[in-house]
Amino acid sequence: MRKEKRPGIYLLPNLLTTASLFAAFYSIVASLKSQYETAVIAIFIGMITDGLDGRIARMTNTQTAFGAEYDSLSDMVTFGVAPALLLYSWGLQQLGQVGWLVAFMYTAAVALRLARFNTQLETADKRYFQGLPCPPAAAGMSALVWFFYQNQWDNMVVSMITAVVSLVTAGLMVSNIRYHSFKELDLKGKVPFLHVFVIVIIFVAIALKPPVVLFGGFLMYGFSGPLQTLFAIHRVRKQRRPKKSK
């Protein structure tokens, strides 16, 4: 008699997804205990493990529909719920009802962004993301809280700035603005020695001032999409402009 194959899942990629989910849940608990620096670090750990699970699955040819669904649900907690609760617990709660509504709008934007990404996975241009990706958005907001917390800036003005940045970030996530995915980069190929030295400098800078460097990187990436769109519009208008006869 032929043995029936038992349904199962691959351990390694799903283990990394579980680690990401655990880090996000730990961040939520830390935020509720007002341990904001711990909460931020836990979110970044969740981002790292989330970035590894998909790559490991592709490298080991262990991609499954279950893994994709599990990863998406984990992303919602890691990049949506955990950062939103961190923002609210740290500063947005000073704004009262407006504060938790801003936190909810951020969470809803992450959910919409992930739903759109999942539905367009087969047809989208792999070189670009439509809308600001959730991981850099969560990294930027977490780094912002980290920066304010380390400098002990905790007042109504700072809470209002945080709310504005949160709303702008949420808007960019659900927008149609294109962002480079950097998936065309050949990580297996050879690179000039200078590139490695630049990477070392970046790691040193992060070690010295992690919130400043991380939030600065988020700002550069966040502005890159709108700037690229403006340049593209200007280029199209310039091409359509009728040439003057000599």
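Laboratory data are not the source of any read-out in this text; all were calculated from the coordinates shown. Just so it is clear, the model here is predicted, and its values are computed rather than measured. No Cβ is skipped: glycine too gets one built from the backbone with ideal geometry, and neighbour counts run over all protein chains shown.
Under unit Cβ charges (Lys, Arg +1; Asp, Glu -1), what dipole magnitude, rounded to 20 debye, does the stretch 55-170 have relative to its Cα centre? Show your work: numbers first, answer last.
Details: 6 positive and 6 negative charges, 50 e Å.
Dipole of the stretch 55-170, to the nearest 20 debye: 240 debye.
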Checklist line | Amide H contacts of His180 (H built 1.01 Å from N, under 5 Å, at least 5 apart or other chain) | finding: Phe129
Next item on the list: Would you mind calculating the relative contact order of the stretch 96-246 from Cα pairs under 8 angstrom and at least 6 residues apart, reporting the percent as a whole number?
Entry: 35
Checklist line | Burial ranking of peptide ranges 25-32, 66-73 (average Cβ count within 10 Å, highest at the top) | finding: 25-32, 66-73
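How do 78-86, 138-146 rank on mean C-beta neighbours within 10 Å, highest first? Don't skip to the answer; put the middle values down first.
Values: 78-86: 26.9, 138-146: 24.9.
In decreasing order of mean packing, 78-86, 138-146 become 78-86, 138-146.
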Next item on the list: Towards the positive end of the charge dipole of the stretch 1-152, with charges on Cβ (+1 Lys, Arg; -1 Asp, Glu), say which of Tyr10, Gln97, Met141 has the farthest Cα.
Entry: Tyr10
Notebook entry, point to check: Given H placed on each backbone N at 1.01 Å, which residues far from Ser175 in sequence or on other chains put an amide H within less than 5 Å of it?
Noted result: Leu132
Note to self: Stokes-Einstein diffusion coefficient for the stretch 1-123 at 20 °C in a medium of 1.002 mPa s, Rh from the Kirkwood formula over Cα pairs: what value in µm²/s?
What the structure shows: 137
Item checked: Peptides ranked, highest mean first, by Cβ atoms within 10 Å: ranges 126-133, 96-103 -> 126-133, 96-103
Notebook entry, point to check: Roughly what would the spin-label model give for Asp154 and Gln93, points 7 Å off Cα along C-beta, in nm?
Noted result: 1.1
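So if I take the alpha carbon set of the stretch 112-196, get Rg, then get Rh from the Kirkwood formula, what is the Rg over Rh ratio?
1.11
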Note to self: Below 8 Å between Cα atoms, with a sequence gap of 6+, how large is the relative contact order for the stretch 28-110 in percent?
What the structure shows: 34
Next item on the list: Return, for the Cα atoms of the chain, the radius of gyration and Dmax in Å, separated by a comma.
Entry: 20.5, 87
